[in-house]
Amino acid sequence: MDDMLTLKKLTYRVTGLGVDTCFPTITDGQQLVTALNLRPMRLTPKEGKTISPFSEISFNGRIVNLTGRNNSGKSTLMLSVLDLQIMGQCGIPVFAREASISPRSRIMLSFLDRDSDQSTFAAKVVKDMGIMEEILKLKAEDLKDVQVIIDEMGSATDQCGVMAVATPLIDWLYHHGVSVIMSTQIPELSEYLE
């Protein structure tokens, strides 16, 4: 709750500073998120630099896959969409010129924990298994309102291991009817999703 109050104060403080803010339109359906000039809130610009907003975002469908090399902004985009979703659902203005969201009753995250004592692969498997356990606790009619955000799907394994671990998880999430936003650096995984 403290985090939400801090976000609300921050939003109202920057509203008068020439930064685009808006209240997102609430939609119902497959259109997860749309935004124009979505500004990443979690980045602090270096002195004399500015952080460019994501000019146009449109996430449709049940599985959205972001593919790109290291440091290309995949995680930042996913966290910006997460902030947009949570702030919008709480009635807090978001850092975008225009935005729309489809509300979700639950948002589950699987991001790499750089401070873990486990290997990257083991830590990801534990997090992904935790998401699966939470989904199994839900009623079938509630699954359509669940959004899962997975960063670096298939990381820390060889190419063969990626397909052996990641594809069953993707299939399982799809067949349970949840919405997924994920990122990967693995081209074969992107091909699998097509």
Spin-label model distance (nm) - I26 vs L143, 7 Å beyond Cα toward Cβ
2.6
Leaving ligands and nucleic acids out of the surface, order F95, F111 by accessible area at 1.4 Å, largest first.
F111, F95
Ordering C90, C22 by the accessible surface of their heavy atoms, 1.4 Å probe, largest first, yields C90, C22
Residue-level accessible surface for R106, protein heavy atoms, 1.4 Å, Å²
100
Points 7 angstrom from Cα along the Cβ direction at R69 and T44: gap in nanometres?
2.8
Using a 1.4 Å probe and ignoring any ligands, DNA or RNA, find the accessible area of M132 and quote it in Å² to the nearest 10.
40
Exceeding 32 Å between C-alpha atoms, which entries from my cross-link table qualify? They are K49/K127; K74/K137; K46/K137; K74/K144.
K49/K127; K46/K137
Added length on full extension, which subtracts the Cα-Cα distance from 0.36 nm per residue, T76 to S119
13.2 nm
Per-pair calculated FRET efficiency, R0 = 41 Å: H175 and I51 via Cβ, rounded to 0.05:
0.60
Heavy atoms of S119: accessible area, 1.4 Å probe, square angstrom to 10:
70
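The values are calculated or read from the model by the stated rules, or taken from the named source; none is laboratory data. Here the structure is a predicted model, which means the values were calculated and not measured. Don't worry about glycine lacking a Cβ; one is built from the backbone with ideal geometry, like all the others, and counts go over all protein chains shown. Note: accessible area is taken over every heavy atom of the protein model, side chains too, but ligands, DNA and RNA are not part of it. Shrake-Rupley method; radii C 1.70, N 1.55, O 1.52, S 1.80 Å.
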